[in-house]
Structure formats: C-alpha cells, structure tokens
Protein chains: 2
Amino acid sequence: MQTSHEQFRDLAWKSGLAATHQRQVIYEAVMAAPGHYSPEQIYAAVRRQTPSISLATIYNNLRLFVEHGLLREVSPRTSTLLVEGNLEPHHHLVCTRCKAVQDIEGDFINYKKLSRQAPRGFDLTQPLVEVFGLCRRCSAEK
Amino acid sequence: MQTSHEQFRDLAWKSGLAATHQRQVIYEAVMAAPGHYSPEQIYAAVRRQTPSISLATIYNNLRLFVEHGLLREVSPRTSTLLVEGNLEPHHHLVCTRCKAVQDIEGDFINYKKLSRQAPRGFDLTQPLVEVFGLCRRCSAEK
DNA sequence: TTCTTGGATGAGAATCATTATAATCCAGGA
DNA sequence: TCCTGGATTATAATGATTCTCATCCAAGAA
Ligand SMILES: [Mn+2]
Ligand SMILES: [Mn+2]
Ligand SMILES: [Zn+2]
Ligand SMILES: [Zn+2]
C-alpha cells in the first residue's frame, strides 16, 4: 500500500506531469475526503499547508488534472445561459469537449430504478437528464 | 389558430406578466425556430426589430420567462467549477434550484436504447448523466 | 559543485457573463 | 390630464476564470 505522496508521484509520472510540491498538495486536498470541490474550497484548504500558493496555480492544475484524468469535472458547464421554447419534456446530449447541446429522444431511463436510488425527499417529478459524451466532430478531432 | 402575438399575450396573462413590446419580441425570437439560444443570440435577433432594447432587459425577461415556465433553461449551471477525485463511473443528482450536486448510484440507464437514439458519430463510451430535480430542502421551501 | 534552461509558479491585470443600481419611461387607472 | 408602479435602459459592479509576464526552481550538463 502506497502513501498518497507516492500515489500522486506515480500518477504524475504516468501523465508526464512534473510532480511539484504545489501539485502534490492540490491533489491531496481533493483526495482527502470524498466530495465535490470548487477551486476556492481547494485554495482555502491548500493555503493552510502552503500559504504562498496562488489561486491561478489551483486553476491551472485542476485543469491539467482533469485533462489527464487524475480528477473528474463534476458538471461540464456551458459558458453561457441557454434557453429554449420547446416545453415538451426531453433530454439533452452534451459534448464534454465543445459543450454543444442537442436534443435526444427516447425512453432510456428506468424511472422505477431511478426513484428507488434517489435520496428521501428529493423531488423527481419529471426527471430530465443530460447525457455526456463526445460529439462527432470532437471525437474525430481528438 | 392564434398568431404568436396572441399566444404570447395569452401566456403572459396567465402568468400575471405585463405583455410589453420588449417581452413580446424576446419571446418571439426564441420561438421563431426550435433551438437552444444564448442571451447574446437573442439580443442580436431582437435588435433587428427593436434596436433600442437593452441586454439587461433580455436577461431580466429570460429569467422571468424561465421562472414562469414560458421557456425552459437548457442546462442548470453551477456558478463555479467542481472537481472530484472519485473516478469510478457514477451519475449525479442536481437540484435545479440551489444547484447542489450529489452522487446517485444504480443502473437506471438503458444503454442499448440510449445508443440507439444517439446521433451517428457521437461517442457514448461510458455515458455519464446528470439527473435534475429538487433537493429535499428546496422542494420543502417552495 | 556551479551553470543552464524550460517548465512551473505567483501576482495582478484583463476578460466575460451576469447582476445590481438608479434614472427615466410609459401604460393604464383615477 | 395627472399619477403611479412596474418596466426599461445605460452603466457600474461583481465574480469566476484566464492571461501575462517576471521570477523561481529542479534536473541535467559541464
Ligand atoms: Mn432541447
Ligand atoms: Mn460525484
Ligand atoms: Zn464537441
Ligand atoms: Zn436545492
């Protein structure tokens, strides 16, 4: 069993990333407990260990880590608000790379299983979903 | 059959919203063709009819329309980036109101049906989804 | 050990979407 | 016609994120 230090050096090595002190502490801050964290939360945690770290370094390295698969981005977010007039319940297909959104038809959700998994009190009246993947253009390019 | 003017005046009336000229043209710009539109796109389209309109009015009224159900917001977006260290494929449950994100377990996706619906070339290797609803607190409050 | 060098970092400016503010406008009722 | 409250406008402010660039530093060369 390896320490989290060793684990990070390993992952960094495999991704071709230099295993700097800052990257080490950022990674460990995210891995310290399961959860979904913002750059500011990570910044706050990391500063306790390394007060001189810059917020830009947090952003730089979170992006790097996500790109190299060391971390996962929770919600691929479009940069801007999008609205539509189609009020018929329907789902969306979102490209994680270029953020393009298109409609997707079909009943591919098992609502019974879904509501069985939802926590008590969570309102799933008409649950809409977003499915993430890579659009044709992006999967061709990469 | 009613004109789109009449349709909007109807909807506005039902929602208790004043049917102003600006609201009329904003609504019609979104309804002119099916699609997912940003405030800037709508602004550009509307200015051709009503050059004096303000971008703030676009934002104000898109929000109002979404709140009153005249339009749908395509992707409920968190204000900030969120990352996590859990790389095991899993889905998320997102509150459309407070944007809280939590993990949801379980196999409630029919991948066969899903990939049958996806457009040609869309890469759905390991499709992750976000399910939208209202968390306990928000569904209690409202 | 000292030198060299390219990538990494830190500080702060810049950007972009969105929201807030406050003055003005205006439709509908008295 | 005059009033009034909500709507609109222009612009400032905000907040997250990215950019710029001077500085730093670790690892390899000499
Ligand atoms: Mn749609
Ligand atoms: Mn998660
Ligand atoms: Zn794409
Ligand atoms: Zn909520």
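Let me spell it out: the conditions are (1) over 22 Å from A:Tyr111 (Cβ atoms); (2) crowded, with 19+ Cβ neighbours inside 10 Å, and B:Val94 meets all of them except one. Which number is the exception?
(1)
Against the condition hydroxyl-bearing (Ser, Thr, Tyr) and crowded, with 18+ Cβ neighbours inside 10 Å, how does B:Ser139 come out, does it pass?
Criteria not met by B:Ser139.
Residues that are more than 7 Å from chain B (Cβ to nearest Cβ) and touching a helix residue (DSSP H, G or I) at 6+ places or on another chain (Cβ under 7 Å): list the helices (runs of 4 or more DSSP H) wholly contained in region A:54-142 that include at least 2 such residues.
Of the helices (runs of 4 or more DSSP H) lying wholly inside region A:54-142, those with at least 2 residues that are more than 7 Å from chain B (Cβ to nearest Cβ) and touching a helix residue (DSSP H, G or I) at 6+ places or on another chain (Cβ under 7 Å) span A:55-67.
I need a count of the residues in region A:84-106 that are away from ligand 1 (no atom under 16 Å from the Cβ) and without any contact (Cβ under 8 Å) to a residue 24 or more places away in the chain.
Selection size over region A:84-106: 0.
Hey, A:Gln49 hits all of (1) more than 7 Å from chain B (Cβ to nearest Cβ); (2) at pLDDT below 95; (3) out of contact with any helix residue (DSSP H, G or I) (no Cβ under 9 Å at 6 or more places or on another chain) but one; which does it fall short on?
That leaves (3) as the condition not met.
Would you please name the residue that is surrounded by the most Cβ atoms within 10 Å (Cβ to Cβ), looking only at residues in region B:59-70 that are farther than 21 Å from A:Asp103 by Cα and in contact (Cβ under 8 Å) with a residue 12 or more places away in the chain?
Applying the filter and picking the extreme gives B:Asn61.
Collect the residues in region A:55-110 that are on the phi > 0 side of the Ramachandran plot and within 14 Å of DNA strand D (Cβ to nearest atom), keeping them in residue-number order.
Residue satisfying the conditions is A:Lys99 alone.
Here is a list of conditions, (1) away from ligand 1 (no atom under 16 Å from the Cβ); (2) surrounded by 15 or more Cβ atoms within 10 Å (Cβ to Cβ), and B:Glu73 meets all of them except one; can you say which number that is?
(1)
Among the listed residues B:Ile26, B:Ile109, B:Ile104, which satisfies the condition of being buried (at least 17 other Cβ atoms within 10 Å of the Cβ) and within 16 Å of DNA strand C (Cβ to nearest atom)?
When all the criteria are applied, what remains is B:Ile26.
I'm trying to understand the selection: among the residues of region A:6-17, which are surrounded by fewer than 16 Cβ atoms within 10 Å (Cβ to Cβ) and assigned to a loop (DSSP other than H, G, I, E, B)?
Answer for region A:6-17, where residues must be surrounded by fewer than 16 Cβ atoms within 10 Å (Cβ to Cβ) and assigned to a loop (DSSP other than H, G, I, E, B): just A:Gly16.
From the list A:Thr20, A:Thr3, A:Thr80, which one is within 16 Å of ligand 1 (Cβ to nearest atom) and surrounded by fewer than 14 Cβ atoms within 10 Å (Cβ to Cβ)?
Working: A:Thr20 fails: within 16 Å of ligand 1 (Cβ to nearest atom); A:Thr3 fails: within 16 Å of ligand 1 (Cβ to nearest atom).
On inspection, the qualifying residue turns out to be A:Thr80.
Could you identify the single residue in A:Glu73, A:Glu105 that is farther than 20 Å from B:Glu84 by Cα and out of contact with any Cys (no Cβ under 8 Å at 6 or more places or on another chain)?
Of A:Glu73, A:Glu105, the one residue that is farther than 20 Å from B:Glu84 by Cα and out of contact with any Cys (no Cβ under 8 Å at 6 or more places or on another chain) is A:Glu105.
So which pairs qualify, if the first residue must be in region A:108-137 and without any contact (Cβ under 8 Å) to a residue 12 or more places away in the chain, the second must be assigned to a strand (DSSP E or B) and polar (S, T, N, Q), the Cβ gap must be under 8 Å, and the two must be at least 6 apart or on different chains?
That search, which allows pairs on different chains as well, returns A:Pro119/B:Gln102.
The values are calculated or read from the model by the stated rules, or taken from the named source; none is laboratory data. The shown structure was predicted, so the numbers you read here are calculated from the model rather than taken from an experiment. Neighbour counts run over all protein chains shown; Cβ positions are idealised from the backbone, glycine included.
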